[in-house]
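**Student:** What follows is a single structure, and I will ask about it in a moment.
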Amino acid sequence: MNRKVLLRLRIDKKLTIREMARLMEMDASSYWRRENGETKFSEVDILKLKKIFNVSSEIFF
C-alpha cells in the first residue's frame, strides 16, 4: 500500500481520520493504524477505498 497516495487522496478530499474511519466502517484508531502502515489493508478495505475515492485499486500499489 502506498501510504503517500492514500494520505494525499484523503487530504485532497478534506477528510479527517475520523471521517475516513466512518466511511470504512471501522473505528478511528484502526483506520489510523492502517494509514500509517502498522496494520495492512484487507482486500475488502481496498475495495472500500476504491469506491470512496473513485479510483482504480492499482493507484494504491
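**Student:** For the chain, which fully contained helices (runs of 4 or more DSSP H) count at least 1 residues that are open to solvent by less than 100 Å² (accessible area, probe 1.4 Å), of a type in the set (Val, Ile, Thr) and modelled with pLDDT of 95 or more?
**Tutor:** Answer list for the chain: 3-12, 17-24, 43-53.
**Student:** List pairs: first residue in region 1-23 and without any contact (Cβ under 8 Å) to a residue 40 or more places away in the chain, second residue open to solvent by 40 Å² or more (accessible area, probe 1.4 Å) and assigned to a helix (DSSP H, G or I) anywhere in the structure, Cβ distance under 6 angstrom, at least six positions apart or on different chains.
**Tutor:** Listed pairs, sorted by first residue: Ile17/Trp32.
The values are calculated or read from the model by the stated rules, or taken from the named source; none is laboratory data. The structure displayed is predicted, hence computed values, not measured ones. Please note: Cβ atoms are built from the backbone with ideal geometry, for glycine as well, and neighbour counts cover all protein chains shown. The accessibility values were calculated without ligands, DNA or RNA, using every heavy atom of the protein model including side chains. Shrake-Rupley method; radii C 1.70, N 1.55, O 1.52, S 1.80 Å.
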